[in-house]
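Before any comments, here is the structure.
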Amino acid sequence: MGAINPVVDLAADGDIAVLSVNHPPVNALSQQVRAGILAGVRQAIGDPAVRAIVLICDGKTFIAGADITEFGKPLQPPSLVEVEDAIEGSGKPVVAAIHGTALGGGLEVALCCHYRVAVPSAKCGLPEVNLGLLPGAGGTQRLPRLVGVEQALDMVTSGKHVDAKAALAAGLVDELAPEGALRASAIAFARKVVAEHRPLRRVRDQDDKLAAARDKPEIFEGFRKANAKKFRGFLAPEYNIQAIEAAVGKSFDDGLAVERKLFSELMAGTQSAAQRHVFFAERAVWKVPDVPDETPTIPIKSVGIIGAGTMGGGIAMNFANIGVPITIVETKQDALDRGLGVVRKNYERSTKSGRLTMADVDRRMQLFTGTLELDKLADCDLVIEAVFENMDIKKDVFGRLDRIVKPGAILATNTSALDINQIATAVTRPEAVIGLHFFSPANVMRLVEVVRARSTSKSVIATSMQLAKKIGKIAALVGVCPGFVGNRILYARSQQANAMLMEGAMPWDIDKAIYDFGLPMGPFAMSDLAGLDIGWIPEKSKSSTIREVLCEQNRRGQKTGAGFYDYDEQRNAKPSPVTEQIIKDFAARSGRPQRQISGQEILERCLYAQINEGAKILEEKIAIRPSDIDVVWINGYGWPVYRGGPMFYADTVGLSQVVKKLEEYGPLLGKDFTISPLLRQLAADGKRFQDMK
Ligand code: T1G
Ligand code: NAD
């Protein structure tokens, strides 16, 4: 007994061997962990004094999966399957003791144990699909044998973490242990198994739940049909379904072989590489090189929001959701009532899905104080301004806030594009000013661009990043420039999209190319959804742009039943002959030669212009790292995660190819278009954005 290796220890509790893994932060199945568990199990099996084995982990969680950092590298023995076979083939009962999150390979190891005990706060899941993969160590064959085909399909294609109570009900775990008493309970459970001569239940031998689904292919067809929209563009969900189909239709070992083949195909593909990139990118994005973790933060116990319009209400909900009281300020009572009414309606909608009860809704609404007096914000720890996108109005608001709000509070703006350094000149404490750029609808969209102004203090930055995590957002720290990161890159794409309208393309051609690439919708459908009249002033409208002409004809988007597209009652869009004629007239007046533009060209001009703008953003240090740009576009603009984000995608295309195509398109890209020197240099050096340190 004793240390098997630096991360695995074997101890004895009477006749029960306790094999514990200690490999922070998440006990991932690194080579050492695999080797340690295998050696420990073999030692315990060989020890006559041992009657049963408990597998448990130290630290915050049970094994949270294979070690993702080892992917793409040559596999070091032992393989996970070797470890699993040793456990499942043991002649002595092996009990998994689960706390935290038993995920991926971690749950697969637990499924090879003969019994599983968990604390109520534990969660189990096979989230490989989120990495563009499938459970590659028997999970697709063993899980349906325990929980049935329907639940297994749901778990492996959603990657959801199932809580211990539900896992017990589903047969995934056998007993719940009191919180804090897992080790003792698991040992007692193992002792009971021995005393009661319970069988060595090998999941691989169980078939009853599979038999229930045999000869019912409609289960799979129905599942595919029901999730077609959600799985659009992804490979992994379909592969997971095929692996479970194999579990139903084949022997365990033949099913395992199918699983292995499908796993290898996904592992070798770009989608999984992209989704693994995003996994680490969404963890790296929180790290700000010059703002260390120990930077002091400001306690945020009360929040003030100015403006209860489209954004103000949604932003406020994020804080009510974590129990922080909000004071929301408007100029007029009806605007305030309307804003608070929208908030209540949004919460009430969540009661329909059962996510909230009416009691929850009332509790959250009680955290809201509506007022027309800015003075009421004096004691707020954080104030977020979400008034009209107008510099003078914002500076006026900040000037008044500076005189009202207590020292030490954070003064934030939700501006989409205005110069925050400019806004900060309106106060005597510019170090307290920061941008918190939420995305609409702010209570739903996961992304926040935290915008660092010239004088923003490190403590204000650290507090804002930490707060974003607390309200369940993903935050990227960006610098001040027009449109910051997300909207600036969006603008680069719009320029190309609008230019191609003058060359013969139609909005629906461009939207189709972007949609087929994997985004939820193209730029013109998006404009129709947001409304073509944002910033449009009827009195000043002179039919000088396609958008103006559309607005003048009351084609302001979905809300008027027509915009770039025509909409039916169900808001289904169809190409519009009216818009087509308006565009043809404009194009003819532009004198530009008209031609058929291929989907490939549309895509390249739109996406490569975005990539180029991303490179300029990196040159100007507006973003800390290329993967932050990927995180922004995936979480704020619907860029498909299986393409990794604009900068990762550029690396898959090859930067020299991107430069070559941009050079080929040359003047078509616009007279002000220039190729980023950084992009050129990386291409010339045969490097990728991922190589940038
Ligand atoms: N491998 C390597 N590193 C990992 C890791 C893993 N599986 N999981 C987390 N980390 C690192 C992470 O990068 C971060 O590092 C630190 O741990 C804390 O993570 C054969 C093929 C477990 C719920 O997909 O979902 O098994 O940034 O910030 O918020 O079938 O991490 O500090 O340097 O996320 O408390 C399947 C992935 C793998 C689970 C904890 N497993 N992890 O969340 O901390 S594929 C997963 C998570 C597989 C088999 C297949 C979460 C978590 P750093 P964190 P957290
Ligand atoms: P909105 O017009 O829907 O709401 C603005 C609200 O601010 C109005 O209700 C108005 O009455 C109120 N207001 C104006 N001046 C005020 C003052 N001095 N004191 C108190 N209230 C005042 O606008 P919105 O879409 O919510 O945008 C607000 C800000 O958020 C803008 O800076 C915008 O650029 C930014 N933003 C908007 C979006 C979006 O998609 N709408 C997304 C991100 C950021």
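The values are calculated or read from the model by the stated rules, or taken from the named source; none is laboratory data. In this text the structure is predicted, and so the values were computed from the model without any measurement. Reconstructed Cβ throughout: ideal geometry from the backbone, glycine too, with neighbour counts over all protein chains shown.
Just one of the listed residues (L38, L75) is at pLDDT 95 or above, away from ligand 2 (no atom under 16 Å from the Cβ) and of a type outside the set (S, T, N, Q), and it is L38.
Of the set (1) part of a helix (DSSP H, G or I); (2) surrounded by fewer than 22 Cβ atoms within 10 Å (Cβ to Cβ); (3) more than 16 Å from ligand 2 (Cβ to nearest atom), all apply to A274 but (2). Residues of region 68-83 include none that is of a type in the set (A, V, I, L, M), within 27 Å of Q141 (Cβ to Cβ), out of contact with any helix residue (DSSP H, G or I) (no Cβ under 9 Å at 6 or more places or on another chain) and not in a strand (DSSP E or B). Within region 141-197, the only residue that satisfies the criterion of being of a type in the set (V, I, T) and surrounded by fewer than 19 Cβ atoms within 10 Å (Cβ to Cβ) is V194. Across region 75-87, a minimum of one residue is classified as farther than 29 Å from A195 by Cβ, among the charged types (D, E, K, R) and surrounded by fewer than 18 Cβ atoms within 10 Å (Cβ to Cβ). Looking at K376, K394, K406, just one residue is without any contact (Cβ under 8 Å) to a residue 60 or more places away in the chain, within 17 Å of V324 (Cβ to Cβ) and either away from ligand 1 (no atom under 16 Å from the Cβ) or aromatic (F, W, Y) (or both), and that residue is K406. Taking residues in region 666-678 that are within 9 Å of K616 (Cβ to Cβ), and partners anywhere that are of a type in the set (G, A, S), the pairs with Cβ atoms closer than 6 Å and at least 6 places apart or on different chains are S676/A615; L678/A615. The requirement of being under 19 Å from A386 (Cβ atoms), surrounded by fewer than 18 Cβ atoms within 10 Å (Cβ to Cβ) and at pLDDT 95 or above is fulfilled somewhere in region 445-464, by at least one residue. Kindly indicate whether K458 is more than 30 Å from K229 (Cα to Cα) and in contact with a Ser or Thr (Cβ under 7 Å, 6 or more places away or on another chain). Criteria met by K458. Of all residues in region 306-328, those satisfying the criterion of being away from ligand 2 (no atom under 11 Å from the Cβ) and outside any loop (DSSP other than H, G, I, E, B) are A316, M317, N318, F319, A320, I326, T327.
Considered as a group, the residues in region 414-443 that are closer than 12 Å to G399 by Cα and small (G, A, S) include one that is surrounded by the most Cβ atoms within 10 Å (Cβ to Cβ), and that residue is A424.
Being over 20 Å from D207 (Cα atoms) and within 14 Å of ligand 1 (Cβ to nearest atom): is that true of K123 here? When the stated conditions are applied, K123 passes them. Return yes or no: is V156 within 16 Å of ligand 1 (Cβ to nearest atom), of a type in the set (A, V, I, L, M) and not in a loop (DSSP other than H, G, I, E, B)? So V156 passes the test. Counting only helices (runs of 4 or more DSSP H) wholly contained in region 515-632, the ones carrying 3 or more residues that are surrounded by fewer than 17 Cβ atoms within 10 Å (Cβ to Cβ) occupy 577-590, 599-619. Can you spot a residue in region 504-526 that is closer than 17 Å to S416 by Cβ, away from ligand 2 (no atom under 16 Å from the Cβ) and modelled with pLDDT of 95 or more? No, that holds for no residue. The residues of region 20-46 that are surrounded by fewer than 24 Cβ atoms within 10 Å (Cβ to Cβ) and either within 9 Å of ligand 1 (Cβ to nearest atom) or small (G, A, S) (or both), listed by number, are S20, P24, P25, V26, A28, S30, A35, A39, G46.
When residues in region 380-439 are screened for being in a loop (DSSP other than H, G, I, E, B), more than 10 Å from ligand 2 (Cβ to nearest atom) and either among the β-branched types (V, I, T) or over 21 Å from F484 (Cα atoms) (or both), 11 of them pass. Residue pairs whose Cβ atoms lie under 6 Å apart, separated by 6 or more positions or on different chains, with the first residue in region 113-139 and at negative phi and surrounded by fewer than 24 Cβ atoms within 10 Å (Cβ to Cβ) and the second in a strand (DSSP E or B) and of a type in the set (D, E, K, R), are K123/D163. Taking the criterion of being away from ligand 2 (no atom under 12 Å from the Cβ) and surrounded by 17 or more Cβ atoms within 10 Å (Cβ to Cβ), would at least one residue in region 329-341 satisfy it? No: region 329-341 contains no residue that is away from ligand 2 (no atom under 12 Å from the Cβ) and surrounded by 17 or more Cβ atoms within 10 Å (Cβ to Cβ).
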